[in-house]
Number of protein chains: 2
Amino acid sequence: MKKYKAYFIDLDGTIYRGKTKYPSGKRFIDRLKKENIPYLFVTNNSTKSPADVAANLTTNHDITTTPDQIYTSALATADYLITILPPHAKIYVIGEPGLCEALLNAGFNLSSDTDVQAVIVGLDRDINYEKLTVATLAINAGAKFIATNRDTNLPTERGMTPGAGALIAAVQTATQTTPIVIAKPESPIMTGALKRMNLQKLDVIMVGDNYNTDILAGINNDIDTLLVYSGVSTHEQIQNTSVKPTHEVETLDDWQL
Amino acid sequence: MKKYKAYFIDLDGTIYRGKTKYPSGKRFIDRLKKENIPYLFVTNNSTKSPADVAANLTTNHDITTTPDQIYTSALATADYLITILPPHAKIYVIGEPGLCEALLNAGFNLSSDTDVQAVIVGLDRDINYEKLTVATLAINAGAKFIATNRDTNLPTERGMTPGAGALIAAVQTATQTTPIVIAKPESPIMTGALKRMNLQKLDVIMVGDNYNTDILAGINNDIDTLLVYSGVSTHEQIQNTSVKPTHEVETLDDWQL
C-alpha cells in the first residue's frame, strides 16, 4: 500500500458525527500525530472560523487541534478571490461571521451596495430579501458570482434545514448565472489546501465519508481518496458509481498509515 | 378570422408596462366592453389582491375594472388546493398578503408549524431563514409542495429583483422535491380561469406579451393565443420557437375582435 506524505481529512461523518464522538476518528488522528504525518481538516463549512472549528474538536471530541489545521470553504474562498481580484477589492457577501472574517482577513472591502467586483454567497441564517436583491443586482451589473459550497442541507436537531446550496439556487435563479463554486467536490478548495500545505497531488490522500463531496473532490483533482463508511455514503451507492474511491474502509481503525 | 367568445388577458407588458400607460391596451379593453365580449385578466402576480389589481387598472390606467375581472396566481392556487385538500386543511404559506388572503378566503388554516398538508411558496419580500426552514421540514415530512409561479424576477425601479422562482428554487434545492406550479405557463391557472368563466377551451384566446408564460400557457392547454410585441418577447425569439402563437400583432390596435 502506498504511503501518503500528508492527509486531507473531512470532519462531520468522518471524525465525529454532530455532537457524537467517533473513537476511531480520535485514534486515527492520534496515529497521524504519533507518526508525525501532517494533516489538514478540509471542511465545506463556511459559517465558523478555524478557531471555532479547532475549539470544537479540542473540547468536544478530545482531538487537540490548532486553527492552522483547519481549512474551511470560507478560507478557500478568500484564497481563491486573492487570485482573481485586485487587493482590497469591494465585494458583497451573503454569509455568516466565519466567511466575513476570512474575507476581511484577506484584505477585501465588504460593501453593502451593488457596486462591487464579486458577490460571495454562503450559508446565511440571517438571509432576507434585501440581501438577495443586492446580490442579484450586483451580479446583473457584472460582478463575479462565487459560491462557498453547494451543500443543500445543514443537519440540525430540527432536521435537515436549508444549506448554502439553497441560497445559491435562489441567486442563480434570479440572475440566470452559474456561480464558481469553491468547496468540495469542486477544485478551488483542493488547490488551496495543496498550496497551503506546500504539497503535490501525489503526496496526499483525501479522507471522507461522502462520495459526492470528499471523494469526487479527490477524483476531480487527481488526488487519491479513502472512503470511510461511517457517514453519508453506503456500499450500495458506491457500487453504482463509475469511478470508485482509491481505497474504502468500514472504520478508520481499518486504515494502515 | 375566428371570433372568440371570451378573452384571457395578461397585464404587465400587454395592457400597461409598470407605471407606463399603453393607450392601445385601454382601447383594446374599451372595444371588448363595447362589444360585450367577456374577458378576464390572468396574471402570475401572487402578492396583490384582486381589489388592488383592479384599483391600479382603474386609477392609474383609466381602465375601469372590478375585482371579479382579475384572476391572480394566488386565486388560482386557492382554487387548485380546493381540488386536492380537505376543507380547512392546515397549510404553511411563504407569501405576501394577496396570497394569504386568497387562501384564507378559501377556508384554509394558515399554520406556523411543520405539521401541515401543503406548503405554498410565492414571492415573499419578508423571506427569512426560519420560513425556508419550516417549508423544508414540512415538505420533508410529507406535505405537498405547491408554487404559485416560477417568475425569476420582479421588475422594479432598482432593476430586476428576485421573483417567486428564486424562493421556490431555494426550497426545491433544500428538499430535492419538484413543486406543482400553478401559474402560466403551467396548466392549473388556465383550468381555474376556464372554470371561473364557465368556458370551453375553444371559446377563448389567451393574449399576452411573453411567449414563455402567456403563450406557452395557451399552447400547453390547447387554447389559441395572441402574442403582442409590446413587452418581453421579440420577433427574433419567436422565430426560434418550434410552436408559434396562433396570432401575432405589433400592437393590440392591430387586432380585430
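The values are calculated or read from the model by the stated rules, or taken from the named source; none is laboratory data. Values in this document were obtained by computation on a predicted structure and should not be read as measured data. Here Cβ is always computed from backbone atoms with ideal geometry, including for glycine, and neighbour counts include all displayed protein chains. Ligands, DNA and RNA are stripped out before the accessible areas are found, and what is left, the full protein with its side chains, is counted by its heavy atoms. Shrake-Rupley method; radii C 1.70, N 1.55, O 1.52, S 1.80 Å.
Long-range amide H contacts for B:Gly13: which residues qualify at under 5 Å (H placed 1.01 Å from N, peptide plane, sequence gap of 5 or more or a different chain)?
B:Gly18
With a ≥ b ≥ c the root eigenvalues of the C-alpha gyration tensor of the range A:117-192, is it rounded (a/c under 1.5), prolate (a/b larger than b/c) or oblate?
Cα axes put the range A:117-192 in the oblate bin.
Using the 7 Å Cα-to-Cβ label point, sort the distances from A:Asn198 to its equivalents in the other copies shortest first and give them in nm to one decimal.
Listed shortest first, these distances are 8.5 nm.
What does the net charge come to around A:Thr191 if you take all other residues with beta carbon closer than 11 Å to its beta carbon, with K and R at +1 and D and E at -1?
Residues near A:Thr191 contribute +1 overall.
In chain B, if the dipole is taken from +1 on Lys/Arg beta carbons and -1 on Asp/Glu beta carbons about the Cα centre, which of B:Tyr4, B:Gln172, B:Trp255 is farthest to the positive end?
Checked the options; the winner is B:Tyr4.
Pick out which of A:Gly18, A:Gly192, A:Gly122 has the largest mean-square fluctuation in a Gaussian network model of chain A, springs linking Cα atoms closer than 10 Å.
Result: A:Gly18 has the largest fluctuation of those listed.
Suppose R0 equals 45 Å; then what is the FRET efficiency for B:Leu202 and A:Asn128 from their Cβ-Cβ distance, rounded to the nearest 0.05?
Efficiency, rounded to the nearest 0.05: 0.45.
P(r) for chain B: what percent of alpha-carbon pairs falls in each 5 Å bin, starting at zero?
Calculated P(r), rounded to whole percents: 1, 6, 14, 18, 19, 16, 12, 8, 4, 2, 0.
Specify the angular offset, from 0 to 90 degrees and rounded to the nearest 10, of the alpha carbon long axis of helix A:23-34 from the longest principal axis of the alpha carbons in chain A.
Around 80 degrees separate the two axes.
Can you work out ³J(HN,Hα) from phi for every residue in the range B:96-102, in order, using Karplus 6.51 cos²θ - 1.76 cosθ + 1.60 and θ = phi - 60°, giving whole Hz and x for Gly and Pro?
Going residue by residue, I get 9, x, x, 6, 4, 4, 4 Hz, with x marking Gly and Pro.
Taking the Cα atoms of the range A:169-233 alone, what are Rg (to one decimal) and Dmax (as a whole number) in Å?
13.8, 42
Distance from a point 7 Å along Cα→Cβ of A:Asp62 to each backbone N in the range A:1-34: keep the residues under 19 Å and list them by number.
Taking a point 7 Å out along Cα→Cβ of A:Asp62, the residues of the range A:1-34 whose backbone N falls under 19 Å are A:12-34.
Provide the gained length on full extension for the span A:Gln176 to A:His235, in nm with one decimal, where the gain is 0.36 nm per separating residue minus the Cα-Cα distance. Write down the numbers at each step before the final one.
Numbers: separation 59, 0.36 × 59 = 21.24 nm, distance 3.67 nm.
The A:Gln176-A:His235 span can extend by a further 17.6 nm.
Using unit Cβ charges (K, R positive; D, E negative) and no other charged atoms, how large, in debye to the nearest 20, is the dipole of the range A:1-148 about its Cα centre?
So the magnitude is around 900 debye.
Once Lys and Arg get +1 and Asp and Glu get -1 on their Cβ, which of B:Ser112, B:Leu132, B:Ala147 lies farthest toward the positive end of the dipole of the range B:84-181?
B:Ala147
Can you pull the percent of the protein assembly as shown's accessible area that's carbon plus sulfur, 1.4 Å probe, other chains left in place?
49
Could you work out the local net charge near A:Leu75, counting Lys and Arg as +1, Asp and Glu as -1, over the other residues with Cβ closer than 12 Å to its Cβ?
Cβ neighbours under 12 Å give a net charge of 0.
For a quick check of your reading of the filter: which GluC sites (Glu not before Pro) in the range A:177-257 sit in a DSSP loop and have no more than 13 other Cβ atoms within 10 Å? Please report the intermediate quantities before stating the final value.
Working: sites: A:Glu186, A:Glu236, A:Glu248, A:Glu250; in loops: A:Glu186, A:Glu250.
Counting only loop positions with at most 13 other Cβ atoms within 10 Å, the GluC sites (Glu not before Pro) in the range A:177-257 are A:Glu250.
Mind giving me the nanometre distance, one decimal, between the label points for B:Glu35 and A:Asn105, set 7 Å out from Cα along Cα→Cβ?
7.1
To one decimal in nm, how far is A:Thr20 from the same spot in the other copies, if labels go 7 Å from Cα toward Cβ? Please give the shortest first.
The projected label point of A:Thr20 is separated from its counterparts by 6.0 nm.
Give the accessible surface of chain B per residue, rounded to a whole number of Å², with probe radius 1.4 Å and ligands, DNA and RNA excluded. Before the final figure, lay out the partial values.
On the way: 11050 Å² over 257 residues.
The answer is 43 Å² per residue.
Amide H of B:Val181: which non-local residues (sequence gap of 5 or more, or other chain) have their own amide H closer than 5 Å, using H built in the peptide plane?
B:Ala147
Beyond 34 Å, what share of the Cα-Cα pairs of the protein assembly as shown remains, rounded to the nearest whole percent?
Details: 61730 of 131841 pairs.
Of the Cα pairs, 47 percent sit more than 34 Å apart.
Where in the range A:79-111 does the amide nitrogen come within less than 19 Å of the point 7 Å from the Cα of A:Lys195, taken along Cα to Cβ?
A:79-91, A:99-109
Per residue, what volume in Å³ does the Cα convex hull of the range A:65-110 take up? Intermediate values should be presented prior to the final figure.
Working: hull volume 3.3 nm³, N = 46.
Hull volume normalised by residue count: 71 Å³.
Total Å² of accessible surface buried at the A-B contact, 1.4 Å probe, nearest 100?
2200
What does the net charge come to around B:Asn45 if you take all other residues with beta carbon closer than 9 Å to its beta carbon, with K and R at +1 and D and E at -1?
On the way: positive: B:Lys48; negative: B:Asp12, B:Asp151.
For residues surrounding B:Asn45, the net value is -1.
With both bridge residues required to lie in chain B, what share of the DSSP beta bridges run antiparallel, to the nearest 5%? It would help to have the intermediate numbers written out before the result.
Details: 6 of 36 bridges.
Bridges in chain B are about 15 percent antiparallel.
Which of the trypsin sites (Lys or Arg not before Pro) across the range B:73-159 are loop residues per DSSP, with 16 or fewer other Cβ within 10 Å?
Numbers: sites: B:Lys90, B:Arg125, B:Lys131, B:Lys144, B:Arg150, B:Arg158; in loops: B:Arg125, B:Arg150, B:Arg158.
Answer in residue order: B:Arg125, B:Arg158.
Place a label point 7 angstrom from the Cα of B:Arg17 along the Cα-to-Cβ direction, then list the residues of the range B:198-228 whose backbone nitrogen is under 14 Å away.
B:209-210, B:228
Any idea how far the Cα center of the range A:146-181 sits from the one of the range B:175-249, in Å?
What the calculation gives is 31 Å, centre to centre.
Sort shortest first the distances from B:Gln176 to its counterpart in every other copy, using label points 7 Å along the Cα-to-beta-carbon line, and give them in nm.
3.0
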